[in-house]
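**Q** I have a structure here, written as structure tokens, and I will follow up with some questions on it.
The values are calculated or read from the model by the stated rules, or taken from the named source; none is laboratory data. Computed from a predicted structure; not experimentally measured. Note that we place each Cβ from the backbone using ideal geometry, even for glycine, and neighbour counts take in every protein chain shown. For accessibility, only protein heavy atoms count, side chains too; no ligands or nucleic acids. Shrake-Rupley method; radii C 1.70, N 1.55, O 1.52, S 1.80 Å.
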Amino acid sequence: QVHVVESGGGLVQAGESLRLSCAASGRILMVNAMDWYRQAPGKEREFIARITNGGTTNYLDSVAGRFTISGDAAKGTVYLQMNSLKPEDTAVYYCSAWQYAVNYWGQGTQVTVSS
């Protein structure tokens, strides 16, 4: 079993930055990729960013240039640096780890951006 935990959420003002952390633990054998998602109230969960175990990254268009995913997916450690935050970035942010075609999710961390 793989256990995923996010941290680093909080309340910030528009234009400020926040860094989220995610750590996967337990039976880490071959994590293929780690993703960040977010879910705002009343909306579906949406993909934000991915980093593969080879270091390849990709982003949701609306966060590209403001958010940066980094870390070592193979070891189950990933970060999300969020700059120039906007009120519309307010959501619960989730981390997930892909291992052998199984996706393991964390419980999420709340990010609130005030205007």
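**Q** Residue separation times 0.36 nm, minus the C-alpha to C-alpha distance between L29 and T112: what's the value? Show your work: numbers first, answer last.
**A** Numbers: separation 83, 0.36 × 83 = 29.88 nm, distance 3.42 nm.
Answer, rounded to one decimal: 26.5 nm.
**Q** So what's the chain giving for Rg/Rh, alpha carbon basis, Kirkwood Rh from the mean inverse pair distance? Walk me through the numbers before you get to the answer.
**A** Values: Rg = 13.4 Å, Rh = 13.9 Å.
For the chain, the value is 0.96.
**Q** Another question, if that's okay. What does the net charge come to around G10 if you take all other residues with beta carbon closer than 11 Å to its beta carbon, with K and R at +1 and D and E at -1?
**A** Values: positive: R19; negative: E16.
Spelling it out: positives minus negatives among the neighbours equals 0.
**Q** If you place +1 on the Cβ of every Lys and Arg, -1 on the Cβ of every Asp and Glu, and leave all else neutral, what size is the dipole of the stretch 29-115 about its Cα centre, to the nearest 20 Debye? Can you show the working numbers first?
**A** On the way: 7 positive and 7 negative charges, 16 e Å.
Computed about the Cα centre, the dipole is about 80 debye.
**Q** Further, regarding this structure: Classify the stretch 1-63 as rounded, prolate or oblate, taking a ≥ b ≥ c as the square roots of the eigenvalues of its Cα gyration tensor: rounded when a/c is under 1.5, otherwise prolate if a/b is larger than b/c and oblate if not.
**A** Details: a/c = 1.82, a/b = 1.53, b/c = 1.19.
Here the stretch 1-63 falls in the prolate category.
**Q** Sorted by accessible area with a 1.4 angstrom probe, largest first, how do E88, E44 fall? Don't skip to the end; give the middle numbers.
**A** Values: E88 125, E44 160 Å².
Sorted by accessible area, descending: E44, E88.
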